[in-house]
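What follows is one structure encoded as structure tokens, with my remarks underneath.
A short reminder: the numbers here are calculations on the coordinates, not readings from a lab. Please read all numbers here as calculations on a predicted model, not as lab measurements. Every residue, glycine among them, receives a Cβ derived from its backbone with ideal geometry; neighbour counts consider all protein chains shown.
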């Protein structure tokens, strides 16, 4: 298991919110896919996963109304 800092950002265009909601969490995970799957089970296949050059793992999904972004940084 690896320890990650998780930054979750939600952009809700429908609610008229000008500011994204951002949440921070630290967790020990065996795999980051499982974490996102537990949050968005049926929509998981629609997420785009990127591994950035600095090692961060990014998951992004935009359903037209809400954009979900999860960023995992190994600690």
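The number of residues in the stretch 30-62 that are within 14 Å of the chain's Cα centre (by Cα), in contact (Cβ under 8 Å) with a residue 24 or more places away in the chain and within 13 Å of residue 72 (Cα to Cα) comes to 5.
May I ask you to list the residues in the stretch 1-50 that are part of a helix (DSSP H, G or I) and touching a strand residue (DSSP E or B) at 6+ places or on another chain (Cβ under 9 Å)?
32, 33, 35, 36, 39, 43, 44, 46
Total residues in the stretch 51-75 satisfying the condition of being part of a strand (DSSP E or B), closer than 24 Å to residue 19 by Cα and in contact with a strand residue (DSSP E or B) (Cβ under 7 Å, 6 or more places away or on another chain): the figure is 13.
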